[in-house]
Amino acid sequence: MSDGHVRPELSLLLQCAADDDTVAGAESTRRLASEVDDWQKFIELASRHALIPLVAQELALAAPDVVPPAIVADLRARSQQGVMRSLQLSGELVAAVHSLGAFGADPMPFKGPTLAVLVYGSLSLRQYEDLDILVRREEVDRARKALLSLGYSPVSAFNASQRASIRLSGHHEQLVNAATGATIELHWSLNNRSLTHDSFEHHWWDNRQSVAIGGVDMRTLGVEQLLLYLCMHGGKHSWGRLSWLCDFQRALRAYPNAYWSRVWALARENGAARMVEIGLLLVESLLDGGALTAAAAQGRREDPEAKMIAELIARRLREQASGEPAVDFRVQLRSRERQRDRLRYTWHILATPHPADVALLGLPRALHGVYYVVRPVRLLLKHLSRRVRPARAT
């Protein structure tokens, strides 16, 4: 895991993320911990990549006498704070699922506590700050009323026309509980329309698996759907956070008998096979996960473009290049293997109205199409305003 061109802080973070519980893995963790010069930088990196719980556990097990006591205490405190937050959000999820069911919706929670239990085996090892619940499009109003009855309110106070516009072009609404501070993203589509085709959405509901949260059984994404979703989610963000790669790596470990022929078939249908390949290559190169990705060999095609993109993303993560955005338009285009999906993504960025556009204009539902004209103009003006610099006094 160590690399002469990688800062010791990041080398140690990658080692902890790999979760190598062998004797050799523990020795490597101790050695890398002894090479760290800036422990505050290490904590900042772990926090930025949402890996505090994993790091705290790995260092406590493998290198408790190597890490400075103050750092051990800091990591333990941050981890315990995260555990309390996870338990609170789990309680919020149980209440939300009960309420949505009572209002006639069929909720499917994903990420958050369900992913933590399924692939990490514990609520305490995955860091998350909100909850995500998917419902069918025709159930959105019922689900929304259910959450309002629990004390949640929209983060953005849109009127009925604005909400109708957002449902046409968006895929979720954020609601927050002022009393608890919990945020729920209510989804009517799992991803934005540049990533998932409407005709594909029904597949997310196939073969759902059960998971118990707080003693309550919930139904979440099926195994093959989950593996695909994690690659698409990480790919959507250009894998800019190591925790997303850890999610995928832990899922590979949790489901060694997944039907990869099904994963590849779903991925190709939705134009996301390259995103899956990139995810597999990153697990192999950054987390030493070659043994975990072997099961995906069936149906895996060599994709030189995927390899180049994975190498670029891995290099960015290793170098922590501050001058490059985590999400890069060119990387996003190259991550889509079909020309029509590259065009969809471009259209999504340049023309599809976002909540900011809806909030700015507040057009009635009948004039929704005007947003597609206004957004490119607004983006152009925003770009031009950034390029204009006031003359410097001399």
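Computed from the coordinates by the stated procedures, all read-outs in this text should not be read as laboratory data. The structure displayed is predicted, hence computed values, not measured ones. Don't worry about glycine lacking a Cβ; one is built from the backbone with ideal geometry, like all the others, and counts go over all protein chains shown.
Each Cα pair under 8 Å and six or more residues apart adds its separation to the average, and for region 1-67 the resulting relative contact order is 39 percent. Under a Cβ-Cβ cut-off of 14 Å, what is the net charge of the residues other than Leu61 that fall near it, where Lys and Arg count +1 and Asp and Glu count -1? Residues close to Leu61 contribute a combined charge of -4. Net charge in the neighbourhood of Leu266 (other residues with Cβ under 13 Å of its Cβ; Lys, Arg +1, Asp, Glu -1) is -2.
With contacts taken as Cα pairs under 8 Å at a separation of at least 6 residues, the chain carries a relative contact order of 15 percent. The charge dipole of the chain, taken about its Cα centre with unit charges on the Cβ of Lys, Arg, Asp and Glu (plus for the first two, minus for the last two), comes to roughly 1720 debye. The candidate values are [x] 62, 25, 19; [y] 36, 25, 20; [z] 34, 27, 24; the one derived from this structure for semi-axes √(5λ) of the Cα gyration tensor in Å carries the label [z].
Only beta bridges with both residues in the chain are counted; by DSSP, about 80 percent of them are antiparallel. Separation of region 140-202 and region 1-53, taken as the distance between their Cα centroids, equals 38 angstrom. Mean separation of Cα pairs under 8 Å and 6 or more residues apart, divided by the residue count, gives region 54-139 a relative contact order of 29 percent. Show that you can apply the helix-only estimate: for the chain, add -39,500 (n - 2.57) for every DSSP H stretch of four or more residues, divide by all residues, and state [θ] at 222 nm to the nearest 500. Rounded to the nearest 500, the figure is -17000 deg cm²/dmol. Other residues lying with their Cβ under 15 Å from the Cβ of Leu226 contribute a combined charge of +3, Lys and Arg counting +1, Asp and Glu -1. In this label model, Arg85 and Ala178 are separated by 2.3 nm, measuring between points 7 Å along each Cα→Cβ vector. Rounded to the nearest 20 debye, the dipole size of region 327-380 about its Cα centre is 200 debye, using +1 on the Cβ of Lys and Arg and -1 on the Cβ of Asp and Glu.
If you find the alpha carbon centre of region 242-256 and of region 59-122, how far apart are they in angstrom? Between the Cα centres of region 242-256 and region 59-122 lies a distance of 16 Å.
Cα gyration tensor of region 1-67, axes a ≥ b ≥ c as square roots of the eigenvalues: rounded (a/c below 1.5), prolate (a/b > b/c) or oblate? Rounded, because the longest to shortest axis ratio a/c is under 1.5. By the rule of a C-alpha distance below 12 Å, with chain neighbours fewer than 8 residues away ignored, the aspartates and glutamates paired with Lys236 are Asp328.
For the chain, the longest principal axis of the C-alpha atoms and the axis of helix 273-286 are separated by about 20°. For the chain, the longest principal axis of the Cα atoms and the long axis of helix 8-18 meet at an angle of about 80 degrees.
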